[in-house]
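Contents: one structure, followed by commentary.
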Amino acid sequence: MADYCKMWESLGINLEAHDQLLNAIPPIYQQIFLDQINRPQAMSYFDMVVMEIHGLRIQELQEHKAKGGAVVGSFCVYVPEEIVLAAGGLNVGLCAGAEIGFDEAEKILPRNLCPLIKSAFGFKMSRVCPYFESCDLIVGENTCDGKKKAWEIMTEDVVPVYTMDIPQVKSEKGKELWLDEVKKFKEKMEEVSGKKIEVDELAKAIKLVNDKRRALQRLSNLRKNKPSPISGRDALLIEEIAFYDDNPRFIEKVNVLCDELEERIEKGEGSKKDAPRVMISGCPMVIPNWKLPFIIESSGASLVCEESCTGQRYFEDLVAEDGGSVGAQLEAIADRYLKIDCSCFTPNQERIDNIVKLAKEFEVDGVIYNVLQFCDPYAVEYRRVEKALEKEGISVLRIETDYGQEDSGQIKTRVEAFVEMIS
Ligand code: BJ8
């Protein structure tokens, strides 16, 4: 990696702690990703992105800022990136998937809190995330209770957060509220960027983000083949990278990969033909939280789909591209985003139906339901998911875990037994 120390220093990064973080990734990455046999060659681009995770992309963000562009950090797929782009900004996902800085975070947050939230605080408070330090605006959202209260604390004690109010019910009133929030967010982005959002810029941004989602849909659809031409952990990695990579380059590289995967399908290459097919459903898995996918695949299953915000929920719906005015485009954006079936909504029958639909489409033999510790919405919704899958004769295993490795052995034992049962 090039020497980025000066850049990190200028961002106020704690270099010592940051070195520890960066040194921890290569051995894990080697074991989980690089040691796989017969990987698609086009994965080399995504390997480079991970190796340069705090280097090249951060440099690009600084160059963008030097030209007057804003960088916006967010924690949820509900934040409309089209609006950020149309204001000349770049959006980066700030969710964090490691236990870094938990000691710091636990000074102001309860210990018994979802690790995703604690990790976001930990990365900021221990000054090890150059994405966080590059942001001109941090956008939170009122989704689960943990997050909505955490943004209050973050604003008071750490860094100001602009919070979007997400309705809890998809009623007519809920839709109105959400459209209003989308309009307010447009105004906020105009204020941050000093640039008025015009119809042409917004149309381009909608098309660009749709193209990114189309590329991810293409990748996802190829995994319906038997055998899947790509491992689940590689596909998940790409879904994670979608949250911060340069959009045009990412789209091109995903499509190059898909071309290669189509050739592999013709040759019958991919995961073991007789491996049971598994879908993960539930909480997001953000870099570098690869624990569960790795356990599933090293237990002999083929992971073929992620019903998650780092997965289908991020790319399955597109924004209509035919809006002829900013008002119509904002409505189209609001419509598309309100289709996201996060478990924070009630009622949430769409998600239950979608899980069953995906399980059938991907012809899975079983579903592994992934709950991050202390995540009430996904933990409680499990009951309805389990009943719906059982009705269809699809087996499901619920795993509740955090970002630590202490429970890996126990999870592996349970996953192995499940994989054997569905084989
Ligand atoms: S749209 S899933 S990205 S809120 S895991 S912090 S729900 S306690 S991340 Fe999410 Fe948006 Fe919903 Fe998706 Fe809370 Fe659960 Fe933690 Fe979560």
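Test Pro293 against the stated conditions and say whether it is touching a residue at least 40 places away in the same chain (Cβ under 8 Å), outside any helix (DSSP H, G or I) and surrounded by 20 or more Cβ atoms within 10 Å (Cβ to Cβ). Give the derivation first.
On the way: touching a residue at least 40 places away in the same chain (Cβ under 8 Å): yes; outside any helix (DSSP H, G or I): no; surrounded by 20 or more Cβ atoms within 10 Å (Cβ to Cβ): yes.
No, not satisfied.
For Asp245, the criteria (1) assigned to a helix (DSSP H, G or I); (2) closer than 21 Å to Ala120 by Cβ; (3) more than 15 Å from the ligand (Cβ to nearest atom); (4) not polar (S, T, N, Q) hold in every case but one, which is (1).
Residues in region 138-169 that are surrounded by 17 or more Cβ atoms within 10 Å (Cβ to Cβ) and of a type in the set (Ser, Thr, Tyr) were compared, and the one that is nearest to the chain's Cα centre (by Cα) is Thr143.
For region 193-208, the condition holds for no residue, the condition being that it is away from the ligand (no atom under 16 Å from the Cβ), in a strand (DSSP E or B) and out of contact with any Asp or Glu (no Cβ under 6 Å at 6 or more places or on another chain). Scanning region 38-50 for residues being modelled with pLDDT of 95 or more and over 18 Å from the mean Cα position of the chain (by Cα) gives a total of 8. Here Thr143 clears all of (1) within 14 Å of the ligand (Cβ to nearest atom); (2) in a helix (DSSP H, G or I) except the condition numbered (2). Scanning region 116-129 for residues that are out of contact with any helix residue (DSSP H, G or I) (no Cβ under 6 Å at 6 or more places or on another chain), under 19 Å from Gln20 (Cβ atoms) and within 12 Å of the ligand (Cβ to nearest atom) yields Ser119, Ala120.
Scan region 146-162 for residues that are part of a loop (DSSP other than H, G, I, E, B) and farther than 22 Å from Ile340 by Cβ and jot them down.
Taking region 146-162 first, the residues part of a loop (DSSP other than H, G, I, E, B) are 158-161.
Result: Val158, Val159, Pro160.
Considering region 45-59 alone, what residues qualify as being surrounded by 15 or more Cβ atoms within 10 Å (Cβ to Cβ) and more than 14 Å from Ser10 (Cα to Cα)?
At the first step, the residues of region 45-59 found to be surrounded by 15 or more Cβ atoms within 10 Å (Cβ to Cβ) are 45-47, 49-59.
Passing the criteria: Tyr45, Phe46, Asp47, Val49, Val50, Met51, Glu52, Ile53, Leu56, Arg57.
Scanning region 385-423 for residues that are among the polar types (S, T, N, Q) and within 20 Å of Pro276 (Cβ to Cβ) yields Ser395, Thr413, Ser423. Remark: pairs (first residue in region 161-174, more than 30 Å from Cys135 (Cα to Cα) and modelled with pLDDT under 95; second residue part of a loop (DSSP other than H, G, I, E, B) and of a type in the set (A, V, I, L, M); Cβ separation under 6 Å; 6+ apart in sequence or on different chains) are absent. Determine which member of the set Met285, Met279 is part of a loop (DSSP other than H, G, I, E, B), modelled with pLDDT of 95 or more and not aromatic (Phe, Trp, Tyr). It is Met285. Residues that are more than 27 Å from Val371 (Cα to Cα), at pLDDT 95 or above and more than 16 Å from the ligand (Cβ to nearest atom) do not occur anywhere in region 99-115.
Run down Glu321, Glu266, Glu316 and say which single residue is within 18 Å of Lys224 (Cβ to Cβ) and either more than 16 Å from the ligand (Cβ to nearest atom) or touching a Cys at 6+ places or on another chain (Cβ under 9 Å) (or both). Give the derivation first.
Details: Glu321 fails: within 18 Å of Lys224 (Cβ to Cβ); Glu316 fails: either more than 16 Å from the ligand (Cβ to nearest atom) or touching a Cys at 6+ places or on another chain (Cβ under 9 Å) (or both).
Among Glu321, Glu266, Glu316, only Glu266 is within 18 Å of Lys224 (Cβ to Cβ) and either more than 16 Å from the ligand (Cβ to nearest atom) or touching a Cys at 6+ places or on another chain (Cβ under 9 Å) (or both).
Is there a residue being over 30 Å from Glu201 (Cβ atoms), within 20 Å of the chain's Cα centre (by Cα) and at pLDDT 95 or above anywhere in region 408-418? So that I can check it myself, show each step before the final result.
First, the residues of region 408-418 that are over 30 Å from Glu201 (Cβ atoms): 408-418.
Filter once more, keeping what is within 20 Å of the chain's Cα centre (by Cα): none.
Within region 408-418, none of the residues are over 30 Å from Glu201 (Cβ atoms), within 20 Å of the chain's Cα centre (by Cα) and at pLDDT 95 or above.
Scan region 1-29 residue by residue and report those that are closer than 20 Å to Leu56 by Cα, of a type outside the set (A, V, I, L, M, F, W, C) and assigned to a helix (DSSP H, G or I). Once the filter is applied, which keeps residues that are closer than 20 Å to Leu56 by Cα, of a type outside the set (A, V, I, L, M, F, W, C) and assigned to a helix (DSSP H, G or I), region 1-29 yields Lys6, Glu9, Ser10, Glu16, His18, Asp19, Gln20, Asn23, Pro26, Tyr29.
Which of the numbered conditions does Ser343 fail, given that it passes all the others? Conditions: (1) of a type outside the set (Lys, Arg); (2) more than 16 Å from the ligand (Cβ to nearest atom); (3) surrounded by 20 or more Cβ atoms within 10 Å (Cβ to Cβ). Ser343 satisfies all of (1) of a type outside the set (Lys, Arg); (2) more than 16 Å from the ligand (Cβ to nearest atom); (3) surrounded by 20 or more Cβ atoms within 10 Å (Cβ to Cβ) except (2). Counting only helices (runs of 4 or more DSSP H) that sit wholly inside region 63-137, those with at least 1 residues that are in contact (Cβ under 8 Å) with a residue 60 or more places away in the chain, surrounded by 22 or more Cβ atoms within 10 Å (Cβ to Cβ) and not hydrophobic (A, V, I, L, M, F, W, C) are 81-86, 115-125, 130-134.
Selection over region 58-81 of residues that are among the hydrophobic types (A, V, I, L, M, F, W, C), away from the ligand (no atom under 16 Å from the Cβ) and closer than 17 Å to Lys188 by Cα gives a count of 2.
Is it the case that Ser126 is of a type in the set (Ser, Thr, Tyr) and farther than 26 Å from Glu82 by Cα? So that I can check it myself, show each step before the final result.
Values: of a type in the set (Ser, Thr, Tyr): yes; farther than 26 Å from Glu82 by Cα: yes.
Here the answer is yes, as Ser126 does meet what is asked.
The values are calculated or read from the model by the stated rules, or taken from the named source; none is laboratory data. The structure displayed is predicted, hence computed values, not measured ones. Here Cβ is always computed from backbone atoms with ideal geometry, including for glycine, and neighbour counts include all displayed protein chains.
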